[in-house]
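See structure below.
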Amino acid sequence: MVSTQNTDKHTTGRRRSLKAGDRRFALMILIPAMTAFLIMVFYPFMDAMSMAFYQFTIYDLEPIFIGFSNFQSILTNPYVLESWVTTAIFVVGTTALTMCVGLAWALLMYQNFFGRSVFRTLTLLPWILPSTVSAFIWAWMLNGKYGIVNALLLGSGVVDENIQFLSDDLGAMMAIILTRTWISIPLFMSFFLAGLQGLDFQQIEAARLDGASNWVVVRRIILPHLRPVFLVTAALGMIGNLQQFDIIYALTGGGPIRSTTVLSIEVYTQAFQNWDLGMASAIGVLWVFTLMPLVVYYLRSLFKED
């Protein structure tokens, strides 16, 4: 009996030491990442937040404290307000289109057919390519003079003359949405495909034996099963689309006539063209607070899954 109690005490003490050792090891692993986060993310954000309360342009020798004037200017500046609307159109349009195409692609990849593994690998190509390269590819395809899209439309008789996609307000918005969608489809497809792997195939077979069509199977079985994936993927997609800069800047530069000037382009314009660092910081701060609810929801969803 005594030896058993000693053994239990020894085992308990060993477990406690292992847990303490695990915590110390985890802390050591986290220190470099947290240090990098503080230096590269937290400090710049706090600096931008403080700068938002100052007037600081290329003409000012020193920042001048002006309180909430920059934030008030945002509410009255038609160009800044327009960029918020443009951002909303881009984010909602891109996220919705990517989710629809990504789901359709995942359903296709879920089927058994010859060469499926090779086809899945090729599908990841848009995600692997640098986003700027993808933007230049789409800029070439949509070119109003020698683009392949115009060549196909003319060759099939759909149009009689070249369409200047990137010189038109609607065409430019469609171009950045299509480019971002093309890049994001592989990631969304992977999420939906992972969700489909947990689906009970016998349930689908039973529904088909009862005479259910493919549309009924998708609507009654697959979509309800993928609802959690939809919510998390939508949040992640909106977070990524709200942060887009390089694709839009490389493809349209925010034009024509500001028709594709989203928040990221507006911050760049205020900071590096108008040289108004205070206004750029104020827009950036509001931009971050717009992202925060989506980030919190996404992180909570991940922790719930764990």
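Cut-off 10 angstrom, C-alpha nodes, Gaussian network model of the chain. Which of T260, T121, T98 fluctuates the most? Maximum among the listed residues: T121. Could you list log10 I(q)/I(0) for the range 71-305 at q = 0.09, 0.12, 0.14, 0.17 Å⁻¹, which the Debye formula gives when each Cα is one point scatterer? Those come out to -0.48, -0.81, -1.01, -1.25, one per q.
In vacuum, with every alpha carbon of the range 156-196 counted as one equal point scatterer, what does the Debye formula give for log10 I(q)/I(0) at q = 0.15 Å⁻¹? Two decimals, please. One equal scatterer on each Cα of the range 156-196 leads to -0.56. Its relative contact order, with pairs defined as Cα atoms under 8 Å and 6+ residues apart, puts the chain at 27 percent. Think of each Lys and Arg Cβ as +1 and each Asp and Glu Cβ as -1; about the Cα centre, that makes the dipole of the chain roughly 1580 debye.
Long hydrophobic helices in the chain: the complete DSSP H runs spanning 20 Å or more by Cα along their own axis with mean Kyte-Doolittle hydropathy of at least -1.0 are 2-37, 78-110, 169-197, 227-242, 277-305. Among M28, M99, M279, M109, a tally of other beta-carbon atoms within 10 Å of each Cβ gives an order, fewest to most, of M28, M109, M99, M279.
No value in this document is a laboratory result; all are computed from the given coordinates. No experiment lies behind these values; they were computed from the predicted model shown. Note: ideal-geometry Cβ built from the backbone for every residue, glycine included; neighbour counts use all protein chains shown.
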